[in-house]
Amino acid sequence: MSNKLSSSVPTDREVVLGILNNSEDALNKLYTGYFPMILQFILNNNGDEDDAKDVYQEGIIVLYNKIRSGDFELSSKLKTYLYSVCRRIWLKKLTQNSRKTSNVSDFEDVISVESDLEVHEERDRQFEKMQSALIHLGEPCKTIIQDFYIHNLSMQDICEKFGYTNTDNAKTQKYKCLQRLKKLFFQL
C-alpha cells in the first residue's frame with residue numbers, strides 16, 4: 001500500500017498523520033515543501049544556505065518530536081509553527097555568534113515556541129550526557145548496553161558474543177552495567 005501524497009506541499013493533516021505513521025514520504029515532502037521559506041528568511045537575516053539547512057533540519061526535529069509526543073495541536077498552520085521554530089533557532093544562533101539581530105526581517109506570522117525549544121534543547125543535553133556517560137563506562141559494559149538497547153541484540157546473542165555461560169549471567173552483567181551507567185550519568 002503506497003502512501004503517496006498528492007501535491008508537492010502536503011496538507012497539515014497529511015504531515016501530522018504521516019509522521020505518526022512513520023511515513024518517510026510525509027517527512028520528505030515536509031523537507032522540500034517549506035525549505036524555500038526558511039532559506040529566504042535566513043538569507044535576509046545575515047545567513048547563508050548552509051545555515052538555512054542546519055536550522056531547517058533542527059526545526060524539523062522539533063516539529064517531529066512535538067508531533068510524536070502526542071501533544072501537538074494544529075492551533076496554527078504547520079508552516080507558521082515551523083517558521084516560528086526556525087526563526088527562534090536562528091535568532092538564538094545570531095545572538096550566540098554576536099551577529100546583528102536587530103531589525104529582523106519577517107514575512108510570516110510568528111507564534112511563541114519557547115517551551116517546545118526548551119524541551120528540544122533539554123533532550124539534546126540529556127543525550128550528550130548519556131553519550132559522555134557511555135564513553136566513561138568502559139568495556140565490556142559500553143558494548144553490552146549498546147548491543148542491547150541500540151542494536152536490539154537479544155540476551156542470547158550477547159551471551160554468545162561475550163562468552164557468558166548462560167543468559168542469566170549476561171542479564172546480571174547488563175544490570176550491573178546499567179547501574180554503573182546511571183551512576184555516571186547523574187555525576188556528569
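The values are calculated or read from the model by the stated rules, or taken from the named source; none is laboratory data. Owing to the predicted nature of the structure, the values given are computational and were not obtained by experimental measurement. All Cβ positions, even for glycine, are placed from backbone atoms using ideal geometry, and neighbour counts span all protein chains on display.
Looking at Leu17, Leu39, which is the one that is modelled with pLDDT of 80 or more, part of a helix (DSSP H, G or I) and buried (at least 17 other Cβ atoms within 10 Å of the Cβ)?
Among Leu17, Leu39, only Leu39 is modelled with pLDDT of 80 or more, part of a helix (DSSP H, G or I) and buried (at least 17 other Cβ atoms within 10 Å of the Cβ).
Within the bounds of the stretch 156-175, is there any residue that is in a helix (DSSP H, G or I) and closer than 20 Å to Lys129 by Cβ?
Filtering the stretch 156-175 down to residues in a helix (DSSP H, G or I) leaves 156-162, 167-175.
So of that shortlist, the ones also closer than 20 Å to Lys129 by Cβ come out as none.
No, that holds for no residue.
Among the residues of the stretch 1-14, write down those that are at pLDDT 80 or above and crowded, with 19+ Cβ neighbours inside 10 Å.
Glu14, the sole residue that qualifies.
So, Lys174, is that one among the charged types (D, E, K, R), touching a Phe, Trp or Tyr at 6+ places or on another chain (Cβ under 7 Å) and more than 23 Å from Arg123 (Cα to Cα) or not?
Values: among the charged types (D, E, K, R): yes; touching a Phe, Trp or Tyr at 6+ places or on another chain (Cβ under 7 Å): yes; more than 23 Å from Arg123 (Cα to Cα): yes.
Here the answer is yes, as Lys174 does meet what is asked.
How many residues does the stretch 61-81 hold that are surrounded by 13 or more Cβ atoms within 10 Å (Cβ to Cβ) and more than 14 Å from the chain's Cα centre (by Cα)?
Pass one, the stretch 61-81, residues surrounded by 13 or more Cβ atoms within 10 Å (Cβ to Cβ): 61-67, 72, 76-81.
With the extra rule that they be more than 14 Å from the chain's Cα centre (by Cα), the set shrinks to 72, 76-81.
Summing the residues that are surrounded by 13 or more Cβ atoms within 10 Å (Cβ to Cβ) and more than 14 Å from the chain's Cα centre (by Cα) in the stretch 61-81 gives 7.
Tell me, yes or no, whether the stretch 45-56 has at least one residue that is of a type in the set (A, V, I, L, M, F, W, C), closer than 23 Å to Asp124 by Cα, crowded, with 18+ Cβ neighbours inside 10 Å and modelled with pLDDT under 85.
no
Which residues, counting only those in the stretch 132-158, are surrounded by 11 or more Cβ atoms within 10 Å (Cβ to Cβ), closer than 20 Å to Lys183 by Cβ and within 22 Å of the chain's Cα centre (by Cα)?
Listed by number, the residues that qualify are Ser132, Ala133, Leu134, Ile145, Gln146, Phe148, Tyr149.
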